[in-house]
Amino acid sequence: MFHFITERLDGVTMMSMADMFDYIEDKQGFEQILEILDVPAISIKNAICTGKVKYNKPLVADEMIELKRLTNKKNQKQHYQVLI
């Protein structure tokens, strides 16, 4: 789900819960959370800040350009008028 963020931001890495274990201060508490979740620690991945965060490309600009390209603005305006 958050994989696209790690592609566009430096300093953010996808890590499994098992990978995060080295960075956790309260390891016992973290292990308890994993037991409660009752899923393998490698199956849950999150976008984790691992350094100074900075853009290496826009977050959603590419998707907006593609949507604009695919959207017929005339039909879109008519659709919005019906909704109002």
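Couple of notes before you dig in:
- For Met14, nonlocal amide neighbours, meaning residues 5 or more places apart or on other chains whose placed amide H falls under 5 Å from its own, are Ile48.
- The 3J(HN,Hα) values that the Karplus relation (6.51, -1.76, 1.60; θ = phi - 60°) gives for region 16-29 are, in residue order, 7, 4, 5, 5, 6, 3, 5, 8, 7, 6, 8, 5, 5, x Hz. Gly and Pro appear as x.
- Order of Met20, Met15, Met64 under a 10 Å beta carbon neighbour criterion, fewest first: Met64, Met20, Met15
- In sequence order, calculated HN-Hα J values of region 57-70 (Karplus, 6.51, -1.76, 1.60; Hz; x Gly/Pro): 6, x, 5, 10, 4, 4, 5, 5, 4, 5, 4, 4, 5, 8
- Projecting the Cα atoms of Met15, Phe30, Val53 onto the charge dipole of region 1-62, computed from C-beta unit charges around the Cα centre, puts Val53 farthest toward the positive end.
- Residue-wise HN-Hα couplings along region 9-15, as the Karplus relation 6.51 cos²θ - 1.76 cosθ + 1.60 with θ = phi - 60° gives them from phi, are 10, 6, x, 10, 10, 7, 9 Hz; Gly and Pro carry x.
FYI, it's all coordinate maths here, none of it is from the lab. Since the structure is predicted, the reported quantities are computational estimates derived from the model, not experimental observations. Note that we place each Cβ from the backbone using ideal geometry, even for glycine, and neighbour counts take in every protein chain shown.
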